[in-house]
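Engineer: Supplied in structure tokens, the structure appears directly below.
Here, each number is a calculation from the coordinates, and none is a lab measurement. This structure is a prediction, so every number in the text was calculated from the model and none was measured. Positions of Cβ are generated from backbone atoms using ideal geometry, with glycine treated the same way; all protein chains shown enter the neighbour counts.
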Amino acid sequence: MSGSRIWGDTIVMLRFTTAGESHGPALVSVLEGMPAGLPLLADDVNTELARRQQGYGRGRRMQIERDTVEFLSGVRAGQTIGSPIAMLVANRDWKNWQDVMDPAPREGDPDPRRRAVTRVRPGHADLTGLIKYDRDDARDILERASARETTARVAAGAICKRLLSELEVSIGSYLVHLGGIDARPCDVLPDDINAVADESPLRTLDREAEDAMIAHIDVIKREGNTLGGICEVVCRGLPVGLGSHVSWDRKLDGRLASALMSIPAVKGVEVGIGFEAARRTGADVHDEIEPAPGRTLSGNVRRRTNRAGGLEGGMTTGEPLVLRVAMKPISTLMRPLATVDVATGETAAATAERSDVTAVPAMGVIAESMTAFVLAQAALEKFGGDSLAETRRNYDSYLSHVADRLRH
Ligand code: EPS
């Protein structure tokens, strides 16, 4: 249990933290608890960072940044070595903001610096953060309460995905709703969801809906407004029994919901059919079980349906994990909403900073990353291992035990 940490009352083997302001010099991500011996290249992370930068409806900032990671520690000769993995992603836009963000005092301080924000945006952390942290310039809040921070999450999530891939677990996502427009539900999802979704500028699998969504984004952009939406995350290859029913803070659905709700602008998470389950009777909700010899991951059974989304009692069932994540519209509107100028106490129009019309396609990639982190954490809790080989041995031993269950 060396390197373990307490979360709630639970011992956790894996944790990560991020640092960095949106227009500061760089973003930093530190992931601690990865076993040694995991093959890892900067490109494994860079591929995921590039996926997060895609998406129709993003603003000019995404044309400035080309996110790539530098490993500062924890990786040697293309493999993890068991120590904390520190990663740095430089902000290219920093050169345009040095005077605004300079950590050192400058002439003129403490007068407001260039680009001070006092006309706080409704729906953003600006006002609440400014009062709580006793600041005069909301830039001290918004620079951190920025979607830019999610770059560092995706960096950590990419490594978690890399670990999960060694256990034959895959995670994909796609957009199912944008600003009032539903994508048609898929009868059968592609084997490689991301390979198909990443071809779409909105990461949706419904090309007809995509056209309508793009047209809608263009209209909303002209109106100076913004849009939210919903992404579905699907994770395949998970064995039965990650998470636990025994205590509130070990239930995997709770831990996943917490991680996903922490993504900026996310307002709701559903597992399986989610809120719809409350409207149906039990017979139309619960997934009937039947024998399925050879279906090792779920213990030689299958569910006839997967309305539970792969979780029962806070544990994985061996069926695909299905999560839906809802994001509200971005709170920076180019046609600003009414607010109070905290410098004068007068009514004013909120600050209209350069921003995105929507970032829902990127949110799907971030949701994959947060899901990967929670699942990697749960896998390491269950199987342990200071080296990848040890984790894999423990996993194989568990799988061979599960393969022997319910064999009649
Ligand atoms: C953001 C505003 C925009 C977005 C940014 C999040 O940046 P800027 O203020 O520089 O125009 O592009 O998202 C990112 C930089 C990113 O990497 O996702 C905001 O206000 O939260």
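Engineer: What residues of segment 210-226 lie in the reach of a label at A349, counting those whose backbone N is under 17 Å from a point 7 Å from the Cα along Cα→Cβ?
Structural biologist: It comes to 221-226, nothing else.
Engineer: If one takes the longest principal axis of the Cα atoms in the chain, at what angle in degrees, from 0 to 90 and to the nearest 10, does the Cα axis of helix 207-222 lie?
Structural biologist: 20 degrees
Engineer: Using the Kirkwood radius over Cα pairs, work out the Stokes-Einstein diffusion coefficient for the chain at 25 °C and 0.890 mPa s, in µm²/s as a whole number.
Structural biologist: 108 µm²/s
Engineer: Which pairs, out of K161/K382; K221/K328; K132/K328, put more than 19 Å between their alpha-carbon atoms?
Structural biologist: Going by Cα-Cα distance, K132/K328 fall outside the 19 Å limit.
Engineer: Alpha carbon centre of segment 229-296 versus segment 112-149: separation in Å?
Structural biologist: 35 Å
Engineer: Relative to the present Cα-Cα distance, how much length would full extension add between S73 and D187 at 0.36 nm per residue of separation?
Structural biologist: Stretched out fully, the S73 to D187 stretch lengthens by 36.6 nm.
Engineer: For a quick check, take a GNM of the chain with Cα springs below 10 Å and name the residue from E48, E65, E276 with the largest mean-square fluctuation.
Structural biologist: E276
Engineer: Once you keep just the Cα pairs under 8 angstrom separated by 6 or more residues, what percentage relative contact order results for segment 185-297? Present the calculation step by step, with values, prior to reporting the outcome.
Structural biologist: Values: 37 pairs, mean separation 13.8, N = 113.
12 percent.
Engineer: Just add up the charged neighbours of G385: K/R +1, D/E -1, any other residue whose Cβ is under 14 Å from the Cβ of G385.
Structural biologist: So the environment of G385 carries a net charge of -2.
Engineer: What number, in percent, do you get for the relative contact order of segment 1-124 if the mean sequence gap of Cα pairs under 8 Å and at least 6 apart is divided by its residue count?
Structural biologist: RCO, segment 1-124: 26 percent.
Engineer: Provide the packing ranking of 282-295, 374-387, 83-96, i.e. peptides ordered by the mean count of other C-beta atoms within 10 Å per residue, highest first.
Structural biologist: The packing order, highest mean first, is 374-387, 83-96, 282-295.
Engineer: Counting C-alpha atoms alone, how compact is segment 68-153: give Rg to one decimal and Dmax as a whole number, in angstrom.
Structural biologist: Calculated on Cα positions, Rg and Dmax stand at 17.0, 50 Å.
Engineer: Using the Cα centre of segment 275-408 as the reference point, and only Cβ charges (+1 on K/R, -1 on D/E), how large is the resulting charge dipole? Debye, rounded to the nearest 20.
Structural biologist: 480 debye
Engineer: Give me the net charge of N300's neighbourhood, meaning all other residues with Cβ under 14 Å from the Cβ of N300; Lys, Arg count +1, Asp, Glu -1.
Structural biologist: With Lys, Arg at +1 and Asp, Glu at -1, the neighbours total +2.
Engineer: For every other residue with a beta carbon closer than 15 angstrom to the beta carbon of L167, add +1 if it is Lys or Arg and -1 if Asp or Glu, then tell me the sum. Mind showing how you got there, number by number?
Structural biologist: Working: positive: K161, R162, R236, K382, R392, R393; negative: E166, E168, E381, E390, D396.
Cβ neighbours under 15 Å give a net charge of +1.
Engineer: A further question on this structure: When ranked by the protection proxy of mean other Cβ atoms within 10 Å per residue, highest first, what sequence do the peptides 176-184, 97-105, 232-240 form?
Structural biologist: Packing proxy ranking, top to bottom: 232-240, 176-184, 97-105.
Engineer: Restricting the count to DSSP beta bridges whose residues both fall in the chain, what percent are antiparallel, rounded to a multiple of 5?
Structural biologist: Working: 51 of 53 bridges.
If we restrict to bridges inside the chain, about 95 percent are antiparallel.
Engineer: Rg/Rh for segment 226-331 to two decimals, with Rh computed the Kirkwood way over all alpha-carbon pairs. Working shown, then result.
Structural biologist: Values: Rg = 14.9 Å, Rh = 14.7 Å.
Rounded to two decimals, Rg over Rh is 1.01.
Engineer: Next question. Rg to Rh ratio, segment 26-104, alpha-carbon atoms and Kirkwood radius?
Structural biologist: 1.06
Engineer: Beta carbons within 10 angstrom, averaged per residue: use that to sort the peptides 351-360, 204-213, highest first.
Structural biologist: 351-360, 204-213
Engineer: Give the residues of segment 87-103 whose amide nitrogen is closer than 15 Å to a point set 7 Å from the Cα of A116 in the direction of its Cβ.
Structural biologist: Within reach of a label on A116: 100-101.
Engineer: May I have the convex hull volume per residue, in Å³, for the Cα set of segment 1-159?
Structural biologist: Taking the convex hull of the Cα positions in segment 1-159, it is 154 Å³ per residue.
Engineer: Cα-based Rg of segment 113-209 per 2.2 N^0.38 Å, rounded to two decimals? Intermediate values should be presented prior to the final figure.
Structural biologist: Working: Rg = 19.4 Å, N = 97, 2.2 N^0.38 = 12.5 Å.
Taking the Cα Rg and dividing by 2.2 N^0.38 Å, one obtains 1.55.
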